[in-house]
1. Using θ = phi - 60° and the Karplus relation 6.51 cos²θ - 1.76 cosθ + 1.60, list the HN-Hα couplings for region 279-292 in order, rounded to whole Hz, with x at every Gly or Pro.
2. List the pair-distance distribution P(r) of region 333-426, using every Cα-Cα distance, as the percent of pairs falling in each 10 Å bin from 0 up to the bin containing the longest distance, rounded to whole percents.
3. At Gln415 and Phe122, where each label point lies 7 Å from the Cα along Cα→Cβ, what is the point-to-point distance in nanometres?
4. Starting at the first residue of region 189-199, write each ³J(HN,Hα) from the Karplus equation 6.51 cos²θ - 1.76 cosθ + 1.60 with θ = phi - 60°, in whole Hz, x for Gly and Pro.
5. Compute the signed sum of charges (Lys and Arg +1, Asp and Glu -1) over the other residues within less than 15 Å, Cβ to Cβ, of Phe93.
6. Quick one: compute a quarter of the convex hull surface over the Cα atoms of region 49-129 and quote it in nm².
7. Local charge sum around Leu492 (other residues, Cβ-Cβ under 13 Å, Lys/Arg +1, Asp/Glu -1)?
8. Applying a 10 Å radius around every beta-carbon, put 223-231, 238-246, 158-166 in order of their mean neighbour count, most first.
Amino acid sequence: MAKKAFYITTPIYYVNDVPHIGHAYTTIAADVLARWHRLNGEKVFFLTGTDEHGQKVEKAASEKGIETKQFVDMIVPRFVESWKTLNISFDRFIRTTEEDHKKGVIELIKKCHKNNDIYKGFYEGNYCVPCETFYTEKDLVNNNCPSCGRETKIVKEESYFFRLSRYEKALLELYETSPSFISPDHRKQEIINRVKEGLKDLSITRTSFSWGIPFPLDEHHVTYVWFDALTNYLTGIGWPSKKFASYWPADIHLVGKEILWFHTVIWPAMLMSAGVDIPGTVYAHGWLTINGEKMSKSKGNFIPPSELIRKYGVDGTRYGLLRDIPFGMDGDFNEPQLIKRIHGELADSLGNLLQRTLTMVHKYCNGVIPKPGIFGDDEKRLQDVANNLFAHLNEHIQKLEFHKGLETIWSFVAQCNKYVNDQKPWDIHEPKRLNTVLYTLSECLRLIGHAVLPFMPSSGEKMLAQLGQKQKKLPLQFETNTSGKIAQPEILFSKSVVIDEPFSAVDLRVAIIKDIKPHPNADKLYVLEIDVGEKRTLCAGLRNYYSADELKGKSIVIVYNLKPANLRGIESQGMLLASQKADVVKILHPKGTPGEPVTISGMPRTPKQQITIEDFKDLKLKTSGTKVVYKDKPLQTSQGEVFSELDDAVIV
Ligand code: MSP
C-alpha cells in the first residue's frame, strides 16, 4: 500500500475576532513542519481553518449588530488573507459552517450514539462564556475561569451527555502504549493525573442559544462547539467518505497548551467511541506572551500579523517568531531582540554571505559556478558540517525545537563567513585555489538555501534562484560537481526593515449613512448610524454645512481604526472625512460597497489595530483637482478614485 500522507493540523481559530500573532505563531510552526516534510519528499496534507459556531461567536456578532453568518463571513477572509500573506502552505482551509462538515459532525454523533455513549440528562456547572467551557468547582482559580481569569456563571440546562467516563481506562492505556501521543513530555503527567482522578461525562449540547449544528437526536438542542470543532480534523479530509483513509490518522495536531485537554482526552474518546483510529501526536506549544500575559483581544494586548509584516517582512516575521522562544515553553514577545536577530542574523550574516559570494563569482568567474580544484583541510571541515546539516536539522524539527534548528543553520552560516574571512578569496592569485574556495561557498549556500526553505520559503527560493540552482528534495549532500549560472546579486534581507509608510497604518473605508440625528448635547454635531460592513455610530461636525436629509443614504469615507472617542456623551467609533477650504466643508464621494477599504495603488495596506487623531493628521491628506491625495497619490476604491468637490482643500 502507498505510504500515507503526512497529515498535520492547526487548531481551527474562533472567528469572534481577527487573527493576531498568537494564531500566526501556531500556523507558522505548522507550516514549517509541512514544508519540512515536503522537502523530505513526503506527501503532505496541511489543514487549518476556522471554528465558527458557539455562543462566543454569536455574542461577538450581536455586539456588532450583525447577523451571525454575515459576521463570520466577514472575519474568515481576514484569517485566509493573513495566512496567504504569511506564505502558509495549507492544503485546505476548513470552515465549520460548511455543509459537509455539518454532515460529518452529525454522522459522528450518530456513531457515538449507536455505541451507547450518548444520553439525556441535566447539566449544572460553572460556565465560562468566552471560553465555552464548563468548569468544576475545583478547576476555578479565585472563583474565576482558570483559562482567561474571567467570572464564570452557574448554568443549569437540559443536555445530552457523552459517556466520557467510560473511556478512562482506555485513555490511560493509550498514553501508556503511545508515549508520544501527548507531547512534549513535560505536559503529559498533568493530563494523566487528571484522568486518573476520574472522568465525568461531558455535556455535548446546549439549549441556551442557537448558533451551532442542530443536534441530530433532538432538534431543540445545538451541538456543543467543541464536539463540532474537533471533528474538523476528520471532515477536513473528507470523512466519512472513504478518501479520508489516505490521510488518517493525523500525524500531528499542533495546539496551544490551553486546549491540550480537549485534544488528548475528549478527542481520542470521541474517536474510540466512533471506532476511528487515534492520531499519532498532539503537541502543545507554549504561549506567546506580552509582558508575561497571554496575548488576547480581550486583554487589549494583541498585535495583528500585519503589524510585524509591515516592519520586518514576511520572512522576518516567520523567523522572528520561531528564532528565540523554545516552542514548547511560554515566551515573551521581545521586539528589540527580534530586531537584533533580523539585522544581525538575516541581513549581516546570511545576507552578506550570499552577497559576497555572488559578487565574487561574478567578478572572478564570469558569473558561473567554477569547477573546484583540490579540497584542503578547511574545505573538508566545512563539508563535514554541511553533510551533517540536514541530519541535525531533522533531529530538531522532529522534536519541534525550531529555535535549535535555526541555531544549527546559523552556526553553519557563521562558519562559512569565517571561512571567507580566513581564505580572503580577493587576495588569492592562484586560479584553481580561487575556484575551490568560491565553489565551496556556492555549494554551502545551495545547502543553506534548502535548509531555510521551510522557515523562510521566499528567501530560500530567492537564494536558490540567485545561485542558479533548482530546488531539490532531501537527502542533500555537499556535491563536488554542482554547476550553474548565477543571477545578479540582489539584497536578500534589507536592514531598513521598517518601511514606515504612515498611510499603511491607517484603515480608511467606505460607509453609508443609514440614519442621522442631531447630537443632543452639541450644536455642531450630528450622530450618524452607519453601515461599514457592520453597524457603527459616529459623530460628525457637519450641522453647519448639511441638513440631515442631504446626508442620509450618502456614501462616505471614514477612518475605521481611529481610537473611539467620547464626544459629549456619545461614543464615536471612527471619523467621517470631509474636505475643507476656507469656510466650505464637503463630504467625500467614494464609489464602493460598505466596509470596502480605500487604498492607494502600490502602497501596502497593513493597518494598525488603532491609531490616534494625531497619526491621522500627520498624513496631511488634501485634494488636488477632483482627487483626494496622499503625497500626490490618489485615494481609490475597487470602483475608482474618491471624488472631491473642492480643489486644493485639506482633508479633515
Ligand atoms: N476554536 C478553538 C480551537 C478548536 S480546535 C478543534 C480555539 N480557538 S482560538 O481562536 O482561541 O485559538 C486558540 C489557539 O490559537 C491556541 O491553541 C494557539 O494555537 C493559538 N494561540 C492563540 N493565542 C496564542 C498565544 N498568545 N500564544 C500562542 N498561541 C496562541 O481555541
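1. x, x, 9, 10, 10, 9, 8, x, 8, 7, 10, 10, 6, x
2. The distribution over region 333-426 is 14, 37, 35, 13, 2, given as percents.
3. Distance between label points: 7.0 nm.
4. 4, 4, 5, 4, 4, 5, 5, 5, 5, x, 10
5. Values: positive: Arg78, Lys84, Arg92, Arg95; negative: Asp31, Asp51, Glu52, Asp73, Glu81, Asp91, Glu98, Asp100.
Local net charge: -4.
6. On the way: hull surface 31.9 nm².
Seen from a random direction, the Cα hull of region 49-129 projects 8.0 nm² on average.
7. On the way: positive: Arg356, Lys462, Lys495; negative: Asp315, Glu345, Asp348, Glu461, Glu490.
That sum, taken over residues with Cβ under 13 Å, equals -2.
8. On the way: 223-231: 24.8, 238-246: 15.1, 158-166: 19.2.
Final packing ranking: 223-231, 158-166, 238-246.
The values are calculated or read from the model by the stated rules, or taken from the named source; none is laboratory data. What you see is a predicted model, and the numbers here were worked out from it, not measured in a lab. Every residue, glycine among them, receives a Cβ derived from its backbone with ideal geometry; neighbour counts consider all protein chains shown. Note: accessible area is taken over every heavy atom of the protein model, side chains too, but ligands, DNA and RNA are not part of it. Shrake-Rupley method; radii C 1.70, N 1.55, O 1.52, S 1.80 Å.
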